[in-house]
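Novice: Mind having a look at this structure? Questions to follow.
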Amino acid sequence: MSAAKSLAAPIAPGGTVGILGGGQLGRMLALAAAQLGLRTHVYCHDPKAPAFQVSAAHTLGEFGDLPAIAKFARACDAVTLEFENVPAATVEHIAQLRPVNPGARALRITQDRFEEKSFIQSLGLKTARFFAVDTILGARDAFAKLGGRGVLKTRRMGYDGKGQAKIASAGDVVGALASFNDAPSILEAFADFAFEASVVAARGIDGDFAAYDPPENAHEHHILRRSVVPGRLTTAQGEEAKAIAKTIADALGYVGVLAVELFVMQDGSLLVNEIAPRVHNSGHWTIEACAVSQFEQHIRAVAGWPLGDPGRHADAVMENIIGEEAADWRAFSRRPGSLHLYGKAEIRAGRKMGHFTTLSPLTKR
Ligand code: AMP
């Protein structure tokens, strides 16, 4: 196999960034690229993909269709993604033709919760205790070692609480594994956190690093409800969160925006829950509260441009608009603040339909 392509020079305005995935993250990336004079070409299997509505070009196709993927890649100057479960083989195929970031290594690690948590620990960072679980016997054994409450998660393809079950007994773990059709899983200790937080950060093509202030995040039914910045993190915890993101981004040789989801424990320590190799829902507030949003930052990074200033000029609260709440768009349109609707064809329960950001004067940096 020949070496993966890398960018020889920044993509000039008028050039094209390809985006694998056409959801709301792709849509907001495309809007940010347009602001920089760059065109986007979105690749997605869904004819009603929200990002198709705002991109210069699109291809309707499956990630496994390598001839279609190659044709798409050749139409772009560089390729990125908005969805971390793009098969690593697809990304490797593109890498032979065009620079693609984040690359196959970052995806391979973050697509498998066991690989991901092992990688995080290898960097000297803390996670909840975890055990690989493949069999009923292994599940019982892992539960005995855990000695308390846990969470069973499938190793692959889990998001927004899918492929996840709380465990309070050996019987629970056996039942949960069966409900996952015996898919390879991990059993994690239940983290009795004080609250959740995340850090959204970027690494540029030259290794530059820029992190946004970490928000506090509240989840409901496993879906992000609200991000608040500044949240309850102390200044020291905020700095530690940024340092964690830098350690991970450097170790991956990462290019682009990534998010690290954190548990802030009662004793003040930070545990890493997971790494999202993409722009992240908990960073949407950066559109209004920062000079350079996470979406612009990501496009800058993958296009080989210098990173922008991640500084925040306001406090912000970002609320997701989920499922039926979007039917109330008239009420949202009357509220003071910034309304984002993603152009999804239909409302479905639990589906992220939009978000709403409210700013207030800066209280803390
Ligand atoms: P995840 O799919 O790993 O991002 O988890 C989704 C959400 O489930 C997290 O944001 C937490 O609210 C909760 N959760 C996940 N893992 C744990 C854990 N080990 N202990 C407690 N809560 C968890």
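The values are calculated or read from the model by the stated rules, or taken from the named source; none is laboratory data. Bear in mind the structure is a predicted one, so any value in this text is a computation, not a measurement. Cβ sites come from the backbone with ideal geometry, for glycine too, and all protein chains shown count toward neighbours. Ligands, DNA and RNA are excluded from the accessible area calculation, which covers all protein heavy atoms including side chains. Shrake-Rupley method; radii C 1.70, N 1.55, O 1.52, S 1.80 Å.
Novice: Just the Cα atoms of the range 82-160, one point each, no solvent: what log10 I(q)/I(0) does Debye give at q = 0.18, 0.22, 0.24 Å⁻¹?
Specialist: Ignoring solvent entirely, the Cα scatterers give -0.84, -1.06, -1.15.
Novice: Taking all protein chains together and a probe of 1.4 Å, list W305, W329, W285 from the most accessible to the least accessible.
Specialist: If we order W305, W329, W285 from most to least accessible, we get W329, W305, W285.
Novice: Right, another one. With all pairs of different alpha carbon atoms counted, what Kirkwood hydrodynamic radius in Å does the range 264-343 show?
Specialist: Numbers: mean 1/r = 0.0654 Å⁻¹.
By the Kirkwood definition, the hydrodynamic radius is 15.3 Å.
Novice: Still on this structure: Over the range 275-365, what is the relative contact order in whole percent, taking alpha-carbon pairs under 8 Å and six or more residues apart? Please report the intermediate quantities before stating the final value.
Specialist: Working: 131 pairs, mean separation 27.0, N = 91.
Once divided by the residue count of the range 275-365, the mean separation gives 30 percent.
Novice: Can you compute the charge dipole magnitude of the chain about its Cα centre, using +1 on each Lys and Arg Cβ and -1 on each Asp and Glu Cβ, nothing else charged? Give it in debye, rounded to the nearest 20.
Specialist: Here the chain has a charge dipole of around 340 debye.
Novice: Right, next: In whole Hz and in residue order, list the ³J(HN,Hα) couplings for the range 192-201 that follow from phi through the Karplus curve 6.51 cos²θ - 1.76 cosθ + 1.60, θ = phi - 60°; x for Gly and Pro.
Specialist: Ordered by residue, 3J(HN,Hα) equals 7, 6, 6, 6, 9, 8, 8, 10, 10, 8 Hz.
Novice: Give me the Debye-computed log₁₀ of I(q)/I(0) at q = 0.13, 0.15, 0.17, 0.24 Å⁻¹ for the range 185-271, equal point scatterers on Cα only, no solvent, two decimals.
Specialist: For the range 185-271 at q = 0.13, 0.15, 0.17, 0.24 Å⁻¹, log10 I(q)/I(0) is -0.44, -0.58, -0.73, -1.17.
Novice: As a check on your grasp of the helix formula, calculate [θ] at 222 nm for the chain: sum -39500 (n - 2.57) over DSSP H runs of n ≥ 4, divide by the residue count, round to the nearest 500.
Specialist: Calculated from helices alone, the mean residue ellipticity at 222 nm is -8000 deg cm²/dmol.
Novice: Oh, and also: Let me see the P(r) profile for the range 298-365: every Cα-Cα distance counted, bins of 5 Å, each bin given as a percent of all pairs.
Specialist: Distribution as computed: 4, 15, 18, 14, 15, 16, 13, 6, 0 percent.
Novice: Pull out the extension gain between S333 and E62, defined as 0.36 nm times the separation in residues minus the alpha carbon to alpha carbon distance; nm, one decimal.
Specialist: Length gained, S333 through E62: 94.0 nm.
Novice: In sequence order, what are the phi-derived ³J(HN,Hα) couplings for the range 336-351 according to the Karplus relation 6.51 cos²θ - 1.76 cosθ + 1.60 with θ = phi - 60°, rounded to whole Hz, with x for glycine and proline?
Specialist: For the range 336-351, the Karplus curve yields x, x, 10, 9, 10, 10, 8, x, 6, 5, 9, 7, 9, 4, x, 7 Hz.
Novice: Calculate, in nm to one decimal, what A8 and E346 gain on full extension: separation in residues at 0.36 nm each, minus their alpha carbon distance.
Specialist: 117.5 nm
Novice: What dipole magnitude, in Debye to the nearest 20, does the range 56-132 give about its Cα centre under +1 on Lys/Arg Cβ and -1 on Asp/Glu Cβ?
Specialist: With only Lys, Arg, Asp and Glu charged at Cβ, the dipole is about 280 debye.
Novice: What translational diffusion coefficient, to the nearest whole µm²/s, does the range 1-134 have by Stokes-Einstein, given a Kirkwood radius computed over alpha-carbon pairs, a temperature of 37 °C and 0.692 mPa s viscosity?
Specialist: Taking Rh from Cα pairs, D becomes 208 µm²/s.
Novice: Let me ask something else. First measure r as the distance between the Cβ atoms of L36 and S118, then evaluate 1/(1 + (r/R0)^6) with R0 = 45 Å and state the FRET efficiency to the nearest 0.05.
Specialist: Numbers: r = 37 Å, r/R0 = 0.83.
Efficiency for this residue pair is about 0.75.
Novice: Now a separate question. For the chain, how big is the tail of P(r) above 26 Å, as a whole percent of Cα pairs?
Specialist: Value for the chain (Cα pairs over 26 Å): 51 percent.
Novice: Quick one: the Cα spread of the range 153-232 along its three principal axes, in angstroms, biggest first?
Specialist: Result for the range 153-232: principal-axis Cα extents of 46, 31, 19 Å.
Novice: Which percent of the accessible area of the chain is formed by carbon and sulfur heavy atoms (probe 1.4 angstrom)? It would help to have the intermediate numbers written out before the result.
Specialist: On the way: 8110 of 15230 Å².
About 53 percent, which is the carbon plus sulfur part of the accessible surface.
Novice: Calculate one ³J(HN,Hα) per residue across the range 53-68 by plugging θ = phi - 60° into the Karplus curve 6.51 cos²θ - 1.76 cosθ + 1.60, and present them in order as whole Hz with x for glycine and proline.
Specialist: With the stated coefficients, the range 53-68 comes to 5, 10, 10, 5, 8, 8, 10, 8, x, 8, 5, x, 7, 5, x, 5 Hz.
Novice: Where does each of 229-239, 22-32, 205-215 land if you order them by average Cβ count within 10 Å, highest first?
Specialist: 22-32, 205-215, 229-239
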